Structures are given as structure tokens and as C-alpha cells.
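The values are calculated or read from the model by the stated rules, or taken from the named source; none is laboratory data. Because the structure is a prediction, the values reported are computed rather than measured. Cβ atoms come from the backbone with ideal geometry, glycine included; neighbour counts cover every protein chain shown.
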Amino acid sequence: MADLKTLPELLLDQARRRPEVIAARGPDGEEITYKELWDQVSRVRAYLESQGVRPADRVALVAVSSVPFTVALFGILSAGATAVPLNYRLPAADIEWMLEDSAVTALFADERYLKAIGGKAREIKSSGKPVISLLGKADGAVAFETALAATASDAQRTPAKVPLDQAIYVLYTSGTTARPKGVEETHRGYAITAGVALGGNRPREPANPSGPLRAGEFS
């Protein structure tokens, strides 16, 4: 099998080869080019690292699919961290339990969901971990624009090198008789499933596993 590239590496390839092409389109019509997307991804990575996020750390997302969601997701992955997208349709108590169970080091969430899980969000923030509001402004949370204002070094504009067997996602299964269980999917598994190899097909954006909406697809 050909050498596999991680999802952030594939995105960087596209940003270098087709910088002015539209990379993603949100359900609200917002568009972003590959060049703009990679710049914002690198800035979010720089912000996360400035807040202590390191490779293999887990970072949660509780949000609908949008361009900011896409930027945050790839910022997490570019830092070598593992994304934990949670189903925003679940009861707040279930989301709070999964945040506790996954031991996240940072949280991205839309304003409406931060309000719903306010107690847990404050607990995460009080422990010194960043809580970032993606869509909307939430009291006590860092505005997404603050993360986008971070300055990325040259090193932070290249994806962190991670083992292909490291987790790219932790996805929680729905449970009817027991608590949901976090299941890891690796970078290798995702690359193989997507059929993406070095010099192979162009990447397609992963759908937000936490909900039915998509921020768009890579062109």
C-alpha cells in the first residue's frame, strides 16, 4: 500500500496546489478558500498550543457543521490532538458526562450548547483549559475570533507529525441500556477508509460526526 497522509497533510497539499479554490461552503453560504482555510487552521492550532494543548490530547466539539467548525476541527488535528465531536442533540447531562469521560483538554462549542452545558463548561474553564465559542458569543468563553487572531509560526503552518495509529477521532456510540462508549478511529483507518494515499485522490471533508449538517465538501 502507498504511504498514507494524514487529513491535515492532505489539506495542506491542496492549499499549496490550489490556494484560491473554494475549499468549504457552510450551510449559511459562507465560503472559504484553501489558502484562507489553512491560514485559519494554523492560527487555531497556534492558539490551542499556547493554551497547553499537545499531541494526543483530546479536544471536544459540540457544534453544528459550519465553516468555523471545519476550521476548528482541522486546527485540532493539525496540532496532533484528537477530536471528540459530540452529538449536540443529546440531553445536556449526557454531553456533560461524555466531556468528563473523555478528559478533554479544550472545548469548542456553539453558544446555544455552551449555555446548555454551562456548569461543565465553567468547570473545564476553571481548571485552566480553554473553552471557545464557535457560533455566537457565550459569557465566560473565548470568542472564536480570539483564536483566529493568534500568530502561527512557520512550524505551526505544517501539520504536527503523528503516528498513523494515533486516534483522529473519539466517537461516542449511542447506548440504550448503558452509558455511551467512546470508540477511537485512527489516522490510518480514516485514510484507508477514505481511499486517500500519497499522490492519490483529493480529500473530501469529513462530515461533522455530531450532526446531520455539513460545512461543504472539498472541491
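Matching residues to (1) within 11 Å of the chain's Cα centre (by Cα); (2) modelled with pLDDT of 95 or more:
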residue	(1), (2)
23	no, no
27	no, no
35	no, yes
39	no, yes
50	no, yes
53	no, yes
59	yes, yes
Restricting the stretch 180-196 to residues that are out of contact with any helix residue (DSSP H, G or I) (no Cβ under 7 Å at 6 or more places or on another chain) and assigned to a loop (DSSP other than H, G, I, E, B), which is modelled with the highest pLDDT?
181
Quick count over the stretch 35-53, residues being without any contact (Cβ under 8 Å) to a residue 40 or more places away in the chain and either surrounded by 22 or more Cβ atoms within 10 Å (Cβ to Cβ) or β-branched (Val, Ile, Thr) (or both), is 2
Just one of the numbered conditions (1) part of a loop (DSSP other than H, G, I, E, B); (2) buried (at least 22 other Cβ atoms within 10 Å of the Cβ); (3) not basic (Lys, Arg) is not true of residue 113; which one?
(1)
Lone qualifier among 162, 170 - being at pLDDT 75 or above, outside any loop (DSSP other than H, G, I, E, B) and hydrophobic (A, V, I, L, M, F, W, C)
170
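Residue-by-condition table, conditions (1) closer than 21 Å to residue 71 by Cα; (2) β-branched (Val, Ile, Thr); (3) at pLDDT 90 or above:
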residue	(1), (2), (3)
120	no, no, yes
123	no, no, yes
128	no, no, yes
139	no, no, no
142	yes, yes, yes
166	yes, no, yes
176	no, yes, no
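Determine which member of the set 72, 83, 56, 121 is outside any helix (DSSP H, G or I), surrounded by 16 or more Cβ atoms within 10 Å (Cβ to Cβ) and not polar (S, T, N, Q).
On the way: 72 fails: outside any helix (DSSP H, G or I); 56 fails: surrounded by 16 or more Cβ atoms within 10 Å (Cβ to Cβ); 121 fails: outside any helix (DSSP H, G or I).
The conditions single out 83.
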Mind listing whichever residues of the stretch 11-44 are of a type in the set (Lys, Arg) and in contact with a Leu (Cβ under 9 Å, 6 or more places away or on another chain)?
43
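Can you tell me how many residues in the stretch 149-170 are under 23 Å from residue 125 (Cα atoms) and either surrounded by 16 or more Cβ atoms within 10 Å (Cβ to Cβ) or of a type in the set (Asp, Glu) (or both)?
Within the stretch 149-170, the subset under 23 Å from residue 125 (Cα atoms) is 149-151, 169-170.
Restricting the remaining residues to those that are either surrounded by 16 or more Cβ atoms within 10 Å (Cβ to Cβ) or of a type in the set (Asp, Glu) (or both) gives 150, 169-170.
So the count comes out to 3.
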Looking only at the stretch 1-24, count every residue that is in contact (Cβ under 8 Å) with a residue 40 or more places away in the chain, crowded, with 18+ Cβ neighbours inside 10 Å, touching a strand residue (DSSP E or B) at 6+ places or on another chain (Cβ under 9 Å) and of a type outside the set (S, T, N, Q) and tell me the total.
4
